Amino acid sequence: MSLDDPRLRGRASRRSGPYPLGQIPDRLLFDIARQLVHRLAIGHSDITGDDFGTIFANAVGGEHRGRPLGVADVVMNGCAWSVKTVLGTRPYEMPIVRLISGRNSPDYSLGIANPHANPENTGRAVLSVWNARVNEALDQHDDLRIVVMIRNMITRQYRIFEEEGQRFTPNDFRWEFNQRGNLEGYNRVSGEHQFTWQPHGSQFTVFRHVPASARSFSINPNVPMVSPDAILAEIGFDPHWITIYG
C-alpha cells in the first residue's frame, strides 16, 4: 500500500496494470525499440498509429483491438490504453503534443446541428462526448491510460510517456471559433489552449504537456536493411505459392 492508493473498507479488489502508472519500465522500452528495429530493417520508413498500437500491444503482452469505436486501443488484464504516436523534429525537447482523439460529432451525439450558433454549448458537448467515451472504457476496464510515443524516424529518436485517461470538467474551459472556423477550448484560469475541434470532419484534438516522467531512447542510424530477396530466401519462397488469374 502507498499514499497514492490507500486501502478502503468495502472496496472491491481491482486488477492493476503491468507496471505503475507513468513508470514505463526499461524492458517495455527495449521491446518497443526492438520491434522498431525490425520495421526499419525491412524497409519501413515510418509507422502509423495502428502500427504503434500493434507494437505496444506486443510489448505489454496485451491485445490490440484495431480501430476501436471508443478510446481503448490496447487491453490487458483489466487495463486499457489509448495509444498515440506523433511526429516530432526534436522528440527530446517537445514540451507539448497534439493528440488527435478521433471523430467527435455533437450533431450525431447530442443533436447540435449548427455548432457555430453557440460556441460554449458546442464546446461543452464536445467534452461530454469525450467524457462518455472515457466512462465507457472505465465501465469495461479497471484503468484507462494514455500512452504517447513522439517519434523522429530520420534521426531515430523517440520519447514515450503515459498518463491517466481523464475526464474533463466542461466548466473549466471557455470556447471560441478561430479565423479558420475551428473551435478552440481554453482553460479559464491559465488561459492555455487545450483543445481544438474541427466542424468539418469532427476531429477532436487534445493538447497534452510532456511530463517529466517521459522516457527516451534512440536507435542506431546504421541499422542494416534486409533486401526482399534475402527475406524470400529465408522463408524458402516457392513460385508455386502465387496463382495469377485472367
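The values are calculated or read from the model by the stated rules, or taken from the named source; none is laboratory data. All values derive from a computational prediction rather than experimental measurement. Heads up, the Cβs are rebuilt from the backbone with ideal geometry, glycines too, and the neighbour counts pull from every protein chain shown.
Computed values, structure above
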read-out: Extreme residue, farthest from the chain's Cα centre (by Cα), among residues of segment 219-246 that are β-branched (Val, Ile, Thr) and under 25 Å from Ile32 (Cα atoms); value: Ile235
read-out: Selection from segment 167-215 of residues that are surrounded by 13 or more Cβ atoms within 10 Å (Cβ to Cβ) and aliphatic (A, V, I, L, M); value: Leu183, Val206, Val210, Ala214
read-out: Single unsatisfied condition, Ala125 versus (1) touching a helix residue (DSSP H, G or I) at 6+ places or on another chain (Cβ under 8 Å); (2) surrounded by fewer than 17 Cβ atoms within 10 Å (Cβ to Cβ); (3) part of a helix (DSSP H, G or I); value: (2)
read-out: Residue in segment 105-114 that is surrounded by 15 or more Cβ atoms within 10 Å (Cβ to Cβ) and in contact with a strand residue (DSSP E or B) (Cβ under 8 Å, 6 or more places away or on another chain) present; value: no
read-out: Residues that are in contact with a helix residue (DSSP H, G or I) (Cβ under 8 Å, 6 or more places away or on another chain) and touching a residue at least 40 places away in the same chain (Cβ under 8 Å), drawn from segment 170-201; value: Pro170, Phe173, Arg174, Trp175, Glu176, Phe177, Leu183, Gly185, Phe195, Trp197
read-out: Residues of segment 139-164 satisfying the condition of being hydrophobic (A, V, I, L, M, F, W, C) and either touching a Gly at 6+ places or on another chain (Cβ under 8 Å) or crowded, with 18+ Cβ neighbours inside 10 Å (or both); value: Leu144, Ile146, Val147, Val148, Met149, Ile150, Ile160, Phe161
read-out: Condition check for Phe161: in contact with a Lys or Arg (Cβ under 8 Å, 6 or more places away or on another chain) and of a type in the set (Phe, Trp, Tyr); value: yes
read-out: Residues (hydrophobic (A, V, I, L, M, F, W, C) and part of a loop (DSSP other than H, G, I, E, B)) located in segment 46-80; value: Ile47, Leu69, Val71, Ala72
read-out: Residue tally, condition in a loop (DSSP other than H, G, I, E, B) and loosely packed, with under 10 Cβ neighbours inside 10 Å, over segment 226-246; value: 8
read-out: Residue that is modelled with the lowest pLDDT, among those in segment 77-104 that are surrounded by fewer than 19 Cβ atoms within 10 Å (Cβ to Cβ) and more than 26 Å from Asn152 (Cβ to Cβ); value: Arg103
read-out: Flag for Val83 being aliphatic (A, V, I, L, M), part of a strand (DSSP E or B) and under 27 Å from Ala212 (Cα atoms); value: yes
read-out: Only one of Gly165, Gly181 that is more than 16 Å from the chain's Cα centre (by Cα) and either under 30 Å from Asn118 (Cα atoms) or of a type in the set (Gly, Ala, Ser) (or both); value: Gly181
read-out: Some residue of segment 62-69 being touching a residue at least 24 places away in the same chain (Cβ under 8 Å) and over 21 Å from Leu29 (Cβ atoms); value: no
